[in-house]
1. For the range 73-108, how many residues are in contact (Cβ under 8 Å) with a residue 40 or more places away in the chain and on the phi < 0 side of the Ramachandran plot?
2. Return the residues of the range 88-98 that are surrounded by fewer than 17 Cβ atoms within 10 Å (Cβ to Cβ) and of a type in the set (Asp, Glu); say none if nothing qualifies.
3. If I ask for residues that are in contact with a helix residue (DSSP H, G or I) (Cβ under 6 Å, 6 or more places away or on another chain) and over 18 Å from residue 97 (Cβ atoms), which ones from the range 42-68 would you list?
Amino acid sequence: MSLKKCKSCGEEISDTATKCPKCGDVTNNPMQAIIGVVIFLAAMWYFFGYQGIEKQVANDAVKEYNMAVRSGSSTDICVHAGLVSAAYSLAHDEVNYKKWKKIERNKCPY
């Protein structure tokens with residue numbers, strides 16, 4: 001059995017130990033590092049990448065609304081305004097959701 005020194009307190013511990021019995025510090029375990037990196041990347045994707053997709057969908061819905069304004073019927077314009085407000089709702093963008101709900105109310109005769 002070989003020994004190594006704990007990087008925190010200097011205590012000699014087993015080469016296969018994952019935690020120092022004296023100070024409780026976690027030693028360098030490659031699998032723990034890999035798991036940590038995967039969790040970090042997943043969190044970054046969720047908070048930045050995933051929400052970016054929802055905002056892109058909302059931006060695309062605005063472009064479609066503008067196309068309907070240029071060449072669609074009043075029904076098309078009404079429907080697309082509703083789609084834009086729904087897209088902003090899914091993106092959790094309350095400011096733009098409220099703005100587009102107002103536009104939808106103004107464009108839809110019902």
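1. As a first pass, look at the range 73-108 and keep what is in contact (Cβ under 8 Å) with a residue 40 or more places away in the chain: 91-92.
Still in the list and also on the phi < 0 side of the Ramachandran plot: 91.
Residues flagged as in contact (Cβ under 8 Å) with a residue 40 or more places away in the chain and on the phi < 0 side of the Ramachandran plot within the range 73-108 amount to 1.
2. Across the range 88-98, the qualifying residue is only 94.
3. Our first condition is that a residue be in contact with a helix residue (DSSP H, G or I) (Cβ under 6 Å, 6 or more places away or on another chain); within the range 42-68, this holds for 54, 57-58, 61-62, 64-65, 68.
If the condition is that a residue be in contact with a helix residue (DSSP H, G or I) (Cβ under 6 Å, 6 or more places away or on another chain) and over 18 Å from residue 97 (Cβ atoms), then 68 is the only one that fits.
The rows are residues; the columns are (1) surrounded by 13 or more Cβ atoms within 10 Å (Cβ to Cβ); (2) in contact with an Asp or Glu (Cβ under 9 Å, 6 or more places away or on another chain); (3) not aliphatic (A, V, I, L, M).
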residue: 56; (1), (2), (3): no, no, yes
residue: 61; (1), (2), (3): yes, no, no
residue: 73; (1), (2), (3): no, no, yes
residue: 80; (1), (2), (3): yes, yes, yes
residue: 86; (1), (2), (3): yes, no, no
residue: 100; (1), (2), (3): yes, no, yes
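We did not get these values from a lab; they are worked out from the coordinates using the rules stated. Quantities reported herein were computed from a predicted structural model and do not represent experimental measurements. Because the Cβ atoms are built from the backbone with ideal geometry, glycine has one as well, and the counts that use them run over all protein chains shown.
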